[in-house]
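**Q** Could you have a look at this structure, given as structure tokens, before my questions?
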Amino acid sequence: MQLSTKILAGMSAGIIVGLLFNALGGSDPDESVLITWIVENIFDVIGKIFVVSLKLLVVPLVFFSLVCGSASMGEDIKMGQVAIKTILLYLLTTAIAVSIALLVANIVDPGVGINTGTIDSFEVKTAPSVKEVLIGIFPDNPFRAMVDGNMLQIIVFAILVGVAILKTGDPGKTVLRGCVLINEVIMKMVFMLINLAPYGVFCLLAKLFTREGFSAIVNLAIYFSTIVFVLSFHAAVIYSAILYIFTGLNPLKLFKNMRPAMLFAFSTSSSNATIPVTLTTARNRLGADNSIASFTIPLGATVNMDGTAIMQGIATVFIAQAYGLELSMIQYVSVVATATLASIGTAGVPGVGLITLAMVLQQVGLPVEGIGLIIGVDRLLDMLRTVVNISGDGMVTTVVASSEKRLDRAVFNSSGD
Ligand code: ASP
């Protein structure tokens with residue numbers, strides 16, 4: 001069996017077992033002691049070990065592959081040019097995503113008639129200001145950046161080291177050889193871990209569905225399906241169109257090639273933890289050169305969250321409608337701008353979208369407690385929007401690599417089981 005088929009089988013089995021356990025009362029720890037024991041002591045333990053093992057590889061992998069990537073850029077490609085193109089595409093796709101979300105939400109009206117009387121509590125965290133985000137990109141201590149897993153700071157430091165290696169002549173070449181070798185060892189670790197993925201994703205999904213089930217979706221069916229529709233539309237239409245316009249490549253291949261990373265994103269709900277798989281996928285299946293992918297993928301996992309922005313656009317309209325409040329045109333524009341900027345500087349980890357949603361709501365003066373209305377289905381939506389988040393990273397990586405003549409089209413067209 002192909003590995004991605006095995007992962008898919010693990011996911012499906014996990015969802016089925018989880019739903020079965022849920023039906024047997026697994027969502028309430030007091031109701032079924034045996035199920036709770038299995039979920040807490042087997043599924044949760046294996047699932048958590050799997051995710052921390054993925055996260056373990058993120059910092060060393062991003063650092064060494066980006067040092068190698070930026071050092072090997074040489075004279076023919078300019079780092080600044082790649083960075084500007086990538087950031088512009090990330091911002092543009094996010095702005096399109098939230099605009100479509102607002103438009104569709106205003107047609108569907110998901111929040112009309114929702115009862116705001118019974119809301120779960122939601123603790124608001126303060127979002128960083130744009131100024132803080134900007135200053136925070138620059139590291140004062142590279143080790144602290146790595147310990148904290150601060151992706152933007154690690155990216156800046158790795159590029160600096162790579163560029164310095166390039167400018168140091170022969171000693172630089174020796175250091176680069178060392179980095180290339182270390183990078184290969186880390187890649188080997190990634191492959192070792194990916195081979196265990198079917199078991200890891202089984203446990204993650206079995207636990208999640210035992211706890212969640214589908215009951216929460218019933219009450220918020222329109223909200224849930226509006227988001228699922230816009231997520232699918234954005235990936236299938238907007239990504240396909242941008243890819244085709246800029247590269248002439250077949251968009252179906254993009255999604256086929258991205259499949260391993262999409263499966264990981266769905267199971268972990270974390271663009272960050274998925275970086276090792278997205279990066280490997282971008283290089284080995286999309287055909288993007290490491291000099292591009294080692295920059296665009298970790299950057300995208302941190303700043304490019306189209307799926308999250310879609311949820312935020314629809315959630316904003318939903319909450320406004322539930323509270324019977326009208327949004328003006330200026331407020332809509334402000335939602336697009338804030339949702340786009342809010343994704344920068346917030347790490348791609350499970351549930352972060354709700355924290356940035358609080359920032360968007362505050363910006364347009366909507367009640368932040370409204371988040372309590374949608375929190376029940378957010379865990380399931382998080383899985384789906386993370387898939388869109390990393391698919392966008394893969395699409396932009398392909399476009400940028402192609403524009404820099406660093407895309408192996410034969411690999412793009414041939415891979416994809
Ligand atoms: N879980 C998402 C990600 O990692 C972020 C979010 O929407 O909460 O990309």
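The values are calculated or read from the model by the stated rules, or taken from the named source; none is laboratory data. Fair warning: this is a prediction, and the values are worked out from it, not measured in the lab. Cβ coordinates were reconstructed from backbone atoms using ideal geometry, including for glycine residues, and neighbour counts include every protein chain displayed. Protein only, heavy atoms only, side chains kept; ligands, DNA and RNA dropped before computing areas. Shrake-Rupley method; radii C 1.70, N 1.55, O 1.52, S 1.80 Å.
**Q** Looking at region 370-415, which of its residues are more than 30 Å from Gly313 (Cβ to Cβ) and either surrounded by fewer than 18 Cβ atoms within 10 Å (Cβ to Cβ) or among the hydroxyl-bearing types (Ser, Thr, Tyr) (or both)?
**A** So the first thing to find is which residues in region 370-415 are more than 30 Å from Gly313 (Cβ to Cβ), and the list is 404-415.
Hits for region 370-415 are Lys405, Asp408, Arg409, Ala410, Val411, Asn413, Ser414, Ser415.
**Q** Follow-up question, since we're still on this one. Might you let me know whether region 283-301 holds any residue that is within 11 Å of the chain's Cα centre (by Cα), modelled with pLDDT of 90 or more and within 9 Å of the ligand (Cβ to nearest atom)? I'd like the intermediate steps shown before the answer.
**A** Step one: list which residues in region 283-301 are within 11 Å of the chain's Cα centre (by Cα), which gives 297-301.
Now narrow it down to the ones that are modelled with pLDDT of 90 or more: 297-301.
Next, only the ones that are within 9 Å of the ligand (Cβ to nearest atom) stay: 301.
Yes - at least one qualifying residue is present in region 283-301.
**Q** Here is a further query. Checking the condition of a type outside the set (A, V, I, L, M, F, W, C), open to solvent by 10 Å² or more (accessible area, probe 1.4 Å) and more than 25 Å from Leu56 (Cα to Cα), which residue from Gln331, Gln312 passes? First the steps, then the outcome.
**A** Numbers: Gln312 fails: open to solvent by 10 Å² or more (accessible area, probe 1.4 Å).
Gln331 is the lone residue from the list that is of a type outside the set (A, V, I, L, M, F, W, C), open to solvent by 10 Å² or more (accessible area, probe 1.4 Å) and more than 25 Å from Leu56 (Cα to Cα).
**Q** Condition first: touching a Ser or Thr at 6+ places or on another chain (Cβ under 8 Å), assigned to a helix (DSSP H, G or I) and farther than 17 Å from Gly10 by Cα. Now tell me which residues in region 187-214 satisfy that.
**A** The answer is Met187, Val190, Phe191, Arg211, Glu212.
**Q** Out of Pro367, Pro350, I need the residue that is free of Cβ contacts under 8 Å to residues at least 60 places away in the same chain, more than 19 Å from Ala97 (Cα to Cα) and not β-branched (Val, Ile, Thr). Which one?
**A** Numbers: Pro350 fails: free of Cβ contacts under 8 Å to residues at least 60 places away in the same chain.
Every option except Pro367 fails the conditions.
**Q** Looking at region 49-76 only, could you name the residues that are open to solvent by less than 10 Å² (accessible area, probe 1.4 Å) and in a loop (DSSP other than H, G, I, E, B)?
**A** If the condition is that a residue be open to solvent by less than 10 Å² (accessible area, probe 1.4 Å) and in a loop (DSSP other than H, G, I, E, B), then Met73 is the only one that fits.
**Q** Something else now. For a quick check of your reading: which helices (runs of 4 or more DSSP H) sit entirely within region 323-417 and have at least 3 residues that are within 14 Å of the ligand (Cβ to nearest atom) and of a type in the set (Asp, Glu)?
**A** Values: elements: 329-342, 352-363, 371-403, 409-414.
Qualifying helices (runs of 4 or more DSSP H): 371-403.
**Q** Could you tell me whether any residue of region 214-237 is closer than 23 Å to Met192 by Cβ and either acidic (Asp, Glu) or within 16 Å of the ligand (Cβ to nearest atom) (or both)? Lay out the reasoning, then the answer.
**A** Here is the first cut: in region 214-237, the residues closer than 23 Å to Met192 by Cβ are none.
There is no residue in region 214-237 that is closer than 23 Å to Met192 by Cβ and either acidic (Asp, Glu) or within 16 Å of the ligand (Cβ to nearest atom) (or both).
**Q** For region 226-239, which positions are surrounded by fewer than 18 Cβ atoms within 10 Å (Cβ to Cβ) and among the polar types (S, T, N, Q)?
**A** Ser232
**Q** Return the total of residues in region 249-282 being open to solvent by 10 Å² or more (accessible area, probe 1.4 Å), part of a loop (DSSP other than H, G, I, E, B) and more than 16 Å from the ligand (Cβ to nearest atom).
**A** Result for region 249-282: 1.
**Q** If you don't mind, another one. Being polar (S, T, N, Q) and in a helix (DSSP H, G or I) is the filter here, so list the residues in region 1-48 that pass it. Reasoning before the result, please.
**A** Taking region 1-48 first, the residues polar (S, T, N, Q) are 2, 4-5, 12, 22, 27, 32, 36, 41.
Within region 1-48, Ser4, Thr5, Ser12, Asn22, Thr36, Asn41 meet the criteria.
This table checks each residue for (1) of a type outside the set (Ser, Thr, Tyr); (2) within 22 Å of the chain's Cα centre (by Cα).
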{"position": "Tyr323", "(1), (2)": "no, no"}
{"position": "Gln331", "(1), (2)": "yes, no"}
{"position": "Ile390", "(1), (2)": "yes, yes"}
{"position": "Met395", "(1), (2)": "yes, yes"}
{"position": "Ala401", "(1), (2)": "yes, yes"}
{"position": "Leu407", "(1), (2)": "yes, no"}
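**Q** For Phe246, only one of the following conditions fails: (1) away from the ligand (no atom under 16 Å from the Cβ); (2) open to solvent by 30 Å² or more (accessible area, probe 1.4 Å); (3) under 22 Å from Pro110 (Cα atoms). What is its number?
**A** (3)
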